[in-house]
Amino acid sequence: MIIVMRAGSSDEQLKKVINRIEELGYRTHIMYGVERTVIGALGDERGKDKLLTLNQLPGVDKVIPILSPYKLAGTQLKEGHTQVKISGDCVIGKGQLGLIAGPCSVESEEQIVESAREVKAAGANALRGGAFKPRSSTYSFQGLGEEGLKLLALAREETGLPVVTEIIDHHDIDLIERYADVFQVGARNMQNFTLLKALGGTKKPVLLKRGMSARVDELLLAAEYILAAGNPNVILCERGIRTFETATRNTLDLNAVPAIRERSHLPIIIDPSHGTGVWRYVSTMSKAAIACGADGLIIEVHPHPDSALSDGAQSLKPKVFKQLVDELEPIARAVGCKSLGSRMFETVDDRPSAE
Ligand code: PEP
Ligand code: MN
């Protein structure tokens, strides 16, 4: 339920309403507007009729139901767009495009440090690299584990780039939090509710990838688990879905961008590497992603894709990645973005005057 306070209601009245909501067993989510305060009452749907009586309390204007099943991820309790801060130089959302790049897996010190240097030089503002890999086959490379996390931290030290890495087991939260800046939840774990709830108890941002057979509303419901458990820093990621098509590894569903924009305030980025599975298609789909309003990209880049231990076929060489970022810049400007990775654009106000 949403409890809308009257314009001019007092702090005392607000406090009483909040106390009453909590007595009824609901959690409160308060939004202070310019004129009015709005309180979201979150909890068990079954007792929501009790909340209707709140309209008897002084200062309450009206009590209305939250129609969306994703109450915190949806737009009813939060208008506009959310910006997620990863580090000082890396902010995603509201016209600031995140560029997360790096290899699929961390393989060695040389590989990850070289990758980090190259993607930074090209304009990326975060480094990706998996230390715990969720592989379809148990015989495939499973990642270096903690050793991989240490190498990621080293690459961050060398370049200053914040680190995005996948978590596949909620028992690893403390370990990964020590080394990384963003928890990536992979497609295979989008509905691992134990993991989602546990990540809700952390403060670091979560990059939540859409499951390969998940609908947009299921992605938003998954995000809701993290938000409802207390972590507001969620970035959504479309990475391609399974269809009957076999020309590409997955079908990159760019429809998800406007569909999510309409339903949620959360930032949405695109992974064209897993979305296509073919390195030659990655640049084209990256440009399409920025043109259709995505908040950023996560792209696999490897110094030697031909010898990569995972996803070499979809990984860009650093030189190709640099060229892509150069080609993305005019598109990002054309759609009114303020920045692309570490490249900040002049706003109209910053430009030297014509005189
Ligand atoms: C990855 O990012 O390397 C990965 C495994 O992605 P996804 O979960 O989208 O398959
Ligand atoms: Mn990969």
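Given 301, 278, which one is over 29 Å from residue 221 (Cα atoms), modelled with pLDDT of 95 or more and surrounded by fewer than 20 Cβ atoms within 10 Å (Cβ to Cβ)?
Numbers: 301 fails: surrounded by fewer than 20 Cβ atoms within 10 Å (Cβ to Cβ).
Only one candidate qualifies: 278.
For the range 35-56, the set of residues classified as under 12 Å from residue 6 (Cα atoms) and either surrounded by 16 or more Cβ atoms within 10 Å (Cβ to Cβ) or under 33 Å from the mean Cα position of the chain (by Cα) (or both) consists of 35, 36, 37, 38, 39, listed by residue number. Taking the range 282-298 as the range and being touching a helix residue (DSSP H, G or I) at 6+ places or on another chain (Cβ under 7 Å) and either open to solvent by 20 Å² or more (accessible area, probe 1.4 Å) or at pLDDT below 95 (or both) as the test, the residues that pass are 283, 285, 287, 291, 292, 293. Looking only at residues of the range 25-67 that are in contact with a Gly (Cβ under 8 Å, 6 or more places away or on another chain) and among the hydroxyl-bearing types (Ser, Thr, Tyr), we find that the one that is nearest to residue 263 (Cα to Cα) is 28.
Of all the criteria given as (1) crowded, with 23+ Cβ neighbours inside 10 Å; (2) under 28 Å from residue 192 (Cα atoms), the one not satisfied by residue 85 is (1).
Picking from 124, 131, 222, which residue would you name as being under 22 Å from residue 275 (Cα atoms), among the small types (Gly, Ala, Ser), open to solvent by less than 20 Å² (accessible area, probe 1.4 Å) and in contact (Cβ under 8 Å) with a residue 60 or more places away in the chain? Lay out the reasoning, then the answer.
Working: 131 fails: in contact (Cβ under 8 Å) with a residue 60 or more places away in the chain; 222 fails: in contact (Cβ under 8 Å) with a residue 60 or more places away in the chain.
Sole residue among the options that is under 22 Å from residue 275 (Cα atoms), among the small types (Gly, Ala, Ser), open to solvent by less than 20 Å² (accessible area, probe 1.4 Å) and in contact (Cβ under 8 Å) with a residue 60 or more places away in the chain: 124.
Looking at the range 293-317 only, could you name the residues that are more than 12 Å from ligand 2 (Cβ to nearest atom) and either assigned to a strand (DSSP E or B) or among the hydrophobic types (A, V, I, L, M, F, W, C) (or both)? Hits for the range 293-317 are 294, 296, 297, 316. Among the residues of the range 16-29, the one identified as under 14 Å from residue 2 (Cβ atoms) and surrounded by fewer than 14 Cβ atoms within 10 Å (Cβ to Cβ) is 27. Quick check on residue 242: is it within 15 Å of ligand 1 (Cβ to nearest atom), open to solvent by 60 Å² or more (accessible area, probe 1.4 Å) and within 19 Å of residue 273 (Cβ to Cβ)? The answer is yes for residue 242.
Yes/no per residue for (1) in contact with a strand residue (DSSP E or B) (Cβ under 8 Å, 6 or more places away or on another chain); (2) modelled with pLDDT of 95 or more; (3) farther than 30 Å from residue 16 by Cα:
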{"position": "76", "(1), (2), (3)": "yes, no, no"}
{"position": "80", "(1), (2), (3)": "no, no, no"}
{"position": "89", "(1), (2), (3)": "no, no, yes"}
{"position": "101", "(1), (2), (3)": "yes, yes, yes"}
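With respect to the conditions (1) surrounded by fewer than 18 Cβ atoms within 10 Å (Cβ to Cβ); (2) more than 30 Å from residue 269 (Cβ to Cβ); (3) modelled with pLDDT under 95, residue 1 falls short on a single one, namely (1).
Mind listing just one residue for me: the one in the range 141-155 that is buried (at least 20 other Cβ atoms within 10 Å of the Cβ) and away from ligand 1 (no atom under 13 Å from the Cβ) and, of those, farthest from residue 90 (Cα to Cα)?
Of all residues in the range 141-155, those buried (at least 20 other Cβ atoms within 10 Å of the Cβ) come to 143-144, 148-149, 151-152, 155.
After this cut, where a residue has to be away from ligand 1 (no atom under 13 Å from the Cβ) as well, the list is 144, 149, 151-152, 155.
Numbers: 144: 26, 149: 20, 151: 20, 152: 17, 155: 16 Å.
So the residue we want is 144.
Of the residues 212, 190, which is within 16 Å of ligand 2 (Cβ to nearest atom), open to solvent by 20 Å² or more (accessible area, probe 1.4 Å) and in contact with a helix residue (DSSP H, G or I) (Cβ under 9 Å, 6 or more places away or on another chain)?
Working: 190 fails: open to solvent by 20 Å² or more (accessible area, probe 1.4 Å).
After applying the criteria, what remains is 212.
The number of residues in the range 114-142 that are within 16 Å of ligand 2 (Cβ to nearest atom) and farther than 22 Å from residue 205 by Cα comes to 7.
Here is a list: 86, 64. Which entry is over 22 Å from residue 269 (Cα atoms) and not basic (Lys, Arg)? Quick ask: steps written out before the conclusion?
Working: 86 fails: over 22 Å from residue 269 (Cα atoms).
Every option except 64 fails the conditions.
Confirm whether residue 105 is within 16 Å of ligand 1 (Cβ to nearest atom), surrounded by 24 or more Cβ atoms within 10 Å (Cβ to Cβ) and of a type in the set (S, T, N, Q). Yes. Can you give me the number of residues within the range 25-70 that are within 15 Å of residue 11 (Cα to Cα) and either assigned by TED's automatic domain parsing to the domain that holds residue 228 or charged (D, E, K, R) (or both)? Result for the range 25-70: 3.
Of the residues 245, 346, 329, which single one is without any contact (Cβ under 8 Å) to a residue 60 or more places away in the chain, assigned to a loop (DSSP other than H, G, I, E, B) and closer than 22 Å to residue 121 by Cα?
On the way: 245 fails: closer than 22 Å to residue 121 by Cα; 329 fails: assigned to a loop (DSSP other than H, G, I, E, B).
Answer to the check: 346.
The values are calculated or read from the model by the stated rules, or taken from the named source; none is laboratory data. Quantities reported herein were computed from a predicted structural model and do not represent experimental measurements. A quick note on method: Cβ atoms are made from the backbone with ideal geometry, for glycine too, and the neighbour counts reach across all protein chains shown. Side chains are part of the model used for accessible areas, which takes the heavy atoms of the whole protein and leaves out ligands, DNA and RNA. Shrake-Rupley method; radii C 1.70, N 1.55, O 1.52, S 1.80 Å.
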